[in-house]
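Note sheet for the following structure.
The values are calculated or read from the model by the stated rules, or taken from the named source; none is laboratory data. Just so it is clear, the model here is predicted, and its values are computed rather than measured. Positions of Cβ are backbone-derived with ideal geometry, glycine not excepted, and every protein chain shown enters the neighbour counts.
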Amino acid sequence: MYTDITGIILAGGKSSRMGENKALLPFNGKTIIESISERVRSVFKNVMLITNQPDDYSFLNMETFQDIYFGRGPLAGIHSGLMNSKTEKNFIISCDIPLVNKDIINFLVNYQTKQPITVLQADGFVQHLCGVYCKRLVSAAEEILNSIEKEMNEGKKCKCKMMEFLTIAEAEIIDSINIPFYKEGMFLNVNKPSDYQILLETLS
């Protein structure tokens, strides 16, 4: 178990495409977020949850923090996690990718790199909500979050700028093709009912 790395679970999505809180959907005898939190807690001694609906997750008995920049997308959750973490190295994972296993987590946290972010390119996407983020990125995150706020004040639509953040930080992006144990679908993102049905089919 890692004591010098903090596990940070993000549960800040609106679940608009699902129609209900996706993190609380049942999966394998528990909720999706319970499944993820148990896995993260089995790897890291210090674990926290970032959510703007803390009452919904009180049953997890987990240290909980809210976004400091509200309504700014997933980067705001990462920023809050890094701000509240007491360790330089942090493993961040969103609440809607329940098939990510301990092998992937251990691979990411043990990957040797000088870059402040380590994530995978898998299932056709850069999986930016599952990876290692260093606390020293707080100021860089704030610069982007402030730019989002400025755009919103100008009447522009809030856009996710995660890829801009990864570019600025010169993130280490590892192709999953280079990971022997990786299997397609491990990053199934449960965003809509059809995704949830696919998730349930993995149990059969």
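Please name all residue pairs, on different chains or six or more residues apart, with Cβ atoms under 9 Å, provided the first residue is in segment 185-200 and is charged (D, E, K, R) and the second residue is assigned to a helix (DSSP H, G or I).
192/22; 195/22
Condition first: surrounded by 14 or more Cβ atoms within 10 Å (Cβ to Cβ), touching a strand residue (DSSP E or B) at 6+ places or on another chain (Cβ under 9 Å) and more than 20 Å from residue 135 (Cα to Cα). Now tell me which residues in segment 145-184 satisfy that.
174, 176, 179, 182
Within segment 160-171, which residues are within 11 Å of residue 73 (Cβ to Cβ) and in a loop (DSSP other than H, G, I, E, B)?
Result: 160, 161.
So which strands (runs of 3 or more DSSP E) are wholly in segment 65-159 and hold at least 2 residues that are within 26 Å of residue 30 (Cα to Cα) and out of contact with any Cys (no Cβ under 9 Å at 6 or more places or on another chain)?
Here the list reads 125-134.
When segment 172-204 is examined, which residues are found to be assigned to a helix (DSSP H, G or I) and at pLDDT 90 or above?
Across segment 172-204, the qualifying residues are 176, 177, 193, 194, 195, 196, 197, 198, 199, 200, 201.
If the Cβ limit is 8 Å and pairs must be 6+ apart or interchain, which residue in segment 28-50 that is small (Gly, Ala, Ser) pairs with which residue that is surrounded by fewer than 23 Cβ atoms within 10 Å (Cβ to Cβ)?
Cβ pairs passing all conditions: 35/27; 35/28; 37/47; 37/60; 37/62; 42/1; 42/102.
Criterion first (buried (at least 23 other Cβ atoms within 10 Å of the Cβ) and either among the β-branched types (Val, Ile, Thr) or at pLDDT 95 or above (or both)) does residue 7 satisfy it? Break it down into steps so the answer makes sense when it comes.
Values: buried (at least 23 other Cβ atoms within 10 Å of the Cβ): yes; either among the β-branched types (Val, Ile, Thr) or at pLDDT 95 or above (or both): yes.
Spelling it out, residue 7 is indeed buried (at least 23 other Cβ atoms within 10 Å of the Cβ) and either among the β-branched types (Val, Ile, Thr) or at pLDDT 95 or above (or both).
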